[in-house]
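Enquirer: Can you keep this structure in mind? I'll have questions shortly.
The values are calculated or read from the model by the stated rules, or taken from the named source; none is laboratory data. Since we're looking at a predicted model, the values are computed, not measured. Heads up, the Cβs are rebuilt from the backbone with ideal geometry, glycines too, and the neighbour counts pull from every protein chain shown. Ligands, DNA and RNA are stripped out before the accessible areas are found, and what is left, the full protein with its side chains, is counted by its heavy atoms. Shrake-Rupley method; radii C 1.70, N 1.55, O 1.52, S 1.80 Å.
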Amino acid sequence: MPTTRHNLTAAFAATGRNHPYLAFTLNSLCNLDCVFCKPRCMPDYGHKDRPLTTTDYAAIAAEAGTWKIRKAHCSGGEPTLRADILNVIAGLADGLGPGAAIGLTSHGNLRRGLSVDKFRRAGLTYLNLSLHSLDPERSATIMGGGDPRTTLRTLDDALSLGLQVKINCVLQRTYLDDAFAVAELARALPVAVRLIELQNIGPAQELFETEFISEADVRDRLHEWFAGAGEVSRDQLGVRSPGRYLRPDGWAGSIGFISNSSCATCSDANRIKITPTGVARPCILHNRDIPLKPYLADGTLDDAFAHLFQAMLDRNTNDAWQGFHYVDYDLRWDRMERPEGAPVLPLLPVLTSDAAQSSCTRASTGER
């Protein structure tokens, strides 16, 4: 069994999966309330984060760099609500070093005092924006507030400053035309719009039966767009997570699908999730968690990363990874006891269909 840093990174490279990256959940707070997320439904909402410090983030990134990790992504909650968000971004950029990809997911309605330019100067290289409708009233119904026009201004600022931009849009039958309008932004703009299948977890369980629509169904409805469309590699887009991206003929940008309900993507997952409290999760479905704070205090982060890489390698021998989709539900799990080595929630079967099988196979294996 490989144990050294060199052996573990070499063993992971031999699997053919994209190299791991750091995916930080910076907080659980959000000033919006999307119908499929609803963070405020948690009884202890916002009271148990006890977040890592900017020094902690810089130290984790510096150690990750020695393991050839070249990407860190920050989400929430709404990460821009952290008062120290610019320092967090700067610490990650400094820790990983020149040329690293540093990203952020946000609804784009930035609080006073923040700007895309300040994020860029702190070290941000790409921005993921949550946008589910271009209509202000319908958007507010979906997201519980905010203004898509403000998000679009944030998008324009990011593009003008040379940042890569991806747009996250969750598919719902009631708002399907809204999602298609969002997707059509990629016709004129060099952005990657990611159409995300609804997952049957958390608050979305109340919506799933009536609102779920699969990638295969959406692709069929948009067949004129995708006729003759060329595939865009994830490397070209700076994307390391599972998904498949197509550029319709004559479009400036691309459309991707994240289809966790109809495609098994676990075999290609490569994120090391780190919660606000500093718990690292190399595996979402099974508990291989490790708290980083003791290793930060002892100066032994190298041991922690050895555990994380070994845990990710061990996933290939775990039968539960095959045939079940990747569930990204760590926000609530930060408040739930996770039995070691056991599934935290019942595994959800993939909603496969003959029409979806081909694209699912290509997405899960990372084929271009």
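Enquirer: Looking at Gly108, is it at positive phi and not aliphatic (A, V, I, L, M)?
Expert: Judged against the criteria, Gly108 is a match.
Enquirer: Looking at Arg281, Arg338 in this structure, which one is open to solvent by less than 20 Å² (accessible area, probe 1.4 Å) and either of a type in the set (A, V, I, L, M, F, W, C) or modelled with pLDDT of 50 or more (or both)?
Expert: Exactly one residue qualifies, and that residue is Arg281.
Enquirer: Given the criteria without any contact (Cβ under 8 Å) to a residue 24 or more places away in the chain and over 19 Å from Leu301 (Cα atoms), does Gly108 qualify?
Expert: Against the criterion (without any contact (Cβ under 8 Å) to a residue 24 or more places away in the chain and over 19 Å from Leu301 (Cα atoms)), Gly108 does not qualify.
Enquirer: Within the stretch 128-154, work out how many residues are within 14 Å of Cys169 (Cα to Cα) and open to solvent by less than 20 Å² (accessible area, probe 1.4 Å).
Expert: Residues flagged as within 14 Å of Cys169 (Cα to Cα) and open to solvent by less than 20 Å² (accessible area, probe 1.4 Å) within the stretch 128-154 amount to 10.
Enquirer: Just checking, how many residues over the stretch 219-229 are in contact with a Ser or Thr (Cβ under 9 Å, 6 or more places away or on another chain) and open to solvent by 30 Å² or more (accessible area, probe 1.4 Å)?
Expert: 1
Enquirer: Please enumerate the residues belonging to the stretch 244-264 that are in a loop (DSSP other than H, G, I, E, B), open to solvent by 10 Å² or more (accessible area, probe 1.4 Å) and modelled with pLDDT under 90.
Expert: Asn260, Ala264
Enquirer: Arg111 passes all but one of (1) modelled with pLDDT under 95; (2) open to solvent by 30 Å² or more (accessible area, probe 1.4 Å); (3) touching a Lys or Arg at 6+ places or on another chain (Cβ under 9 Å); which number fails?
Expert: Against the list (1) modelled with pLDDT under 95; (2) open to solvent by 30 Å² or more (accessible area, probe 1.4 Å); (3) touching a Lys or Arg at 6+ places or on another chain (Cβ under 9 Å), Arg111 comes up short only on (3).
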